[in-house]
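What follows is a short report on a single structure.
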């Protein structure tokens, strides 16, 4: 059986877009099932998962790869679900099948950083700006981006109160100005009747003055999801309403029962 670059690209796109399998099954498939002695490599069914990134300056990104060779020919496919992109390589050598594993390193070192920067720029254009209450209520947030992963809440006012101070007091941060409120996408998206969508983000609260786990590369912020609630609603849940063009028009903070509109 022979395949071309186009054949492999078509197969990769079908996997990423879930045109052959339901989205839930694709999500279960694109997961590591075991780790190896190399922290950058995990195993899946049938994937070799290559983790790339400059942690903690950037997020870690998994590249799901599959490599095969016969005779003097090699083929390689890589999928990056986090950015909905992939790559394929076909190669031949005069002596033996070429080793294409280095191509994943090239993707991780060159292309992924460019994708990350592009994603930050696009996120700022799509979601950045000031959101205010339409009812005249003195509530608002300002969403911005910087060189770090995700977006961050710069200003946060709820019914005339500086809610950053409230959150700082809630989690024990002495200096409210040092409280980092960063928004990360959960991957949960639901379509709306108007042709737009509702996109879910979670807020991660951290003290910028606190030592980062004594230099150990741990990440325990996932343990704080839904930790703080008000009337049974999570305070860290932000759901953006996005129009058909992909731009945010509002945000809902269910824990505060707030619906804010994005200022144009």
Using the C-alpha atoms of the range 1-103, what convex hull volume per residue, in cubic angstrom, is computed? 120
Between residue 227 and residue 208, what is 0.36 nm times their sequence separation minus the Cα-Cα distance? Round to one decimal in nm. 4.9 nm
To the nearest 10 degrees, how steep is helix 5-16 against the longest Cα principal axis of the chain, on a 0 to 90 scale? 30
Using alpha-carbon coordinates alone, the radius of gyration and Dmax of the range 128-262 in Å work out to 15.2, 49
Helix-only [θ] at 222 nm, the chain, -39500 (n - 2.57) per DSSP H run of 4+, per residue, nearest 500, equals -5500 deg cm²/dmol
Can you sort 264, 165 by how many other beta carbons sit within 10 Å, fewest first? 264, 165
Given R₀ = 25 Å, what would the calculated FRET efficiency be for residue 99 paired with residue 59, taking r from the Cβ atoms and rounding to 0.05? 0.35
Need one number: nm distance between label points at residue 257 and residue 161, each 7 Å from Cα along Cα→Cβ, rounded to one decimal. 1.4
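Give me 60, 223, 151 sorted ascending by neighbouring Cβ count inside 10 Å, so fewest comes first.
If I rank by nearby Cβ atoms, fewest first, I get 223, 60, 151.
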Helix 112-127 vs. the chain, principal-axis angle (Cα, 0 to 90°, nearest 10): 30
Could you give me D for the chain, from Stokes-Einstein at 25 °C and 0.890 mPa s, where the hydrodynamic radius is the Kirkwood radius over C-alpha pairs? Units µm² s⁻¹, please. 117
Please arrange 79, 21, 258, 115 by how many other C-beta atoms lie within 10 Å of their C-beta, fewest to most. 21, 115, 258, 79
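Rule-based calculations on the coordinates, nothing more; no lab input. Predicted model, so just to flag it, every value in this text is computed and none were measured. Cβ coordinates were reconstructed from backbone atoms using ideal geometry, including for glycine residues, and neighbour counts include every protein chain displayed.
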